[in-house]
1. Test THR169 against the stated conditions and say whether it is out of contact with any His (no Cβ under 9 Å at 6 or more places or on another chain), surrounded by 11 or more Cβ atoms within 10 Å (Cβ to Cβ) and either aromatic (Phe, Trp, Tyr) or modelled with pLDDT of 65 or more (or both).
2. State yes or no: is LEU159 hydrophobic (A, V, I, L, M, F, W, C), farther than 21 Å from VAL36 by Cβ and within 23 Å of the chain's Cα centre (by Cα)?
3. Identify, please: which residue in segment 116-148 is small (Gly, Ala, Ser) and within 30 Å of the chain's Cα centre (by Cα) and is, among those, surrounded by the fewest Cβ atoms within 10 Å (Cβ to Cβ)?
4. Buried (at least 20 other Cβ atoms within 10 Å of the Cβ), touching a helix residue (DSSP H, G or I) at 6+ places or on another chain (Cβ under 8 Å), closer than 21 Å to PHE31 by Cα and not charged (D, E, K, R): is that true of ALA151 in this structure?
5. Check ARG41 against each of (1) of a type in the set (D, E, K, R); (2) over 33 Å from the mean Cα position of the chain (by Cα); (3) modelled with pLDDT under 90 and name the one condition it does not meet.
6. Looking at (1) outside any helix (DSSP H, G or I); (2) modelled with pLDDT of 90 or more, which is the only condition GLY139 fails?
Amino acid sequence: MYQDIVGFALTTPAWLHTFAEVGTDAGLFVFAALFVVAALRAWRRPARDLALVIAGPAGIVLSYVLSEVVKLVVREDRPCRGGVATIAACPPLDDWSFPSNHSVIAAGAAATLVLAWRALAWAVFPLAAVMAFSRVFVGVHYPHDVIAGFALGAVLAPLFALLMVGAVTPAVRLARARLAGTGRTPAQVAHPLITAAPVPDAPRPAQVPEGQDPYFGQAGQGAYPGPARRQAAHPEPAGQDPCLGQPGREFYAGEPPQRSVASMSRSRMPGSE
């Protein structure tokens, strides 16, 4: 299959050769620009959304490092070293073929971008696939190199990003708090669920102006209402004792007090005097 693809590539126009060579690297800059746009879009969204955008490139780097380790273990030669005519120049001898680093980065960038911005899936995955295929088209990789690299990047990069997002999210909150100048402590920013909201001050009682009656709100009438004003404010029903609160005969000043039946009986008994 490699021979068939390279042979077909040599029959295509020269501008397509240039586009394929430049496109494999230019596509990486397109992904970098998309990450910047995604970060601007997520700046005022929840902190986890922005943390996903930030953790994406870190996940891609970790996937790339792992692919380099696999290269050192497998040590597969490039297909272009067998004297095959190719569009691109063959890499150095110590640059191994399996897996394709370009495919790892392209697929990892597409997958992590979709984590933060799902609407880009229709554009970024086809772009990553074209970039991966271009490595075979220009003759520097076998088809299985790009397939393995694509799978490695598409799986590991978002996985690493999700593992790191829990640590990145508090850092995003802290950065936002400092930029906003809220004055919150790092502990409050890192643990918003256990941060108590500030309790507002209790309202102070209204101050009564000097010389104003607190009951009737009129100036010049002393601090406490007199009996006449209390009676005017709370009149008792007719026939009700204002002191005992029970109906009965009204009490008037000057009326002699009534003697009880028990006292009268004791006064009439002999020897009670």
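1. Yes: the conditions hold for THR169.
2. So LEU159 passes the test.
3. Let us first name the residues in segment 116-148 that are small (Gly, Ala, Ser), namely 116, 119, 121, 123, 128-129, 132, 134, 139, 148.
Retained after the next criterion (residues that are within 30 Å of the chain's Cα centre (by Cα)): 116, 119, 121, 123, 128.
Values: ALA116: 26, ALA119: 7, ALA121: 13, ALA123: 14, ALA128: 25.
Of everything passing the filter in segment 116-148, ALA119 is surrounded by the fewest Cβ atoms within 10 Å (Cβ to Cβ).
4. Considered against the rule, which asks whether it is buried (at least 20 other Cβ atoms within 10 Å of the Cβ), touching a helix residue (DSSP H, G or I) at 6+ places or on another chain (Cβ under 8 Å), closer than 21 Å to PHE31 by Cα and not charged (D, E, K, R), ALA151 comes out as no.
5. (2)
6. It fails just one condition, (2).
The values are calculated or read from the model by the stated rules, or taken from the named source; none is laboratory data. Predicted model only: the values in this text are computed from it and were never measured. When we count neighbours, we look across all protein chains shown, and the Cβ atoms used for this are built from the backbone with ideal geometry, even at glycine.
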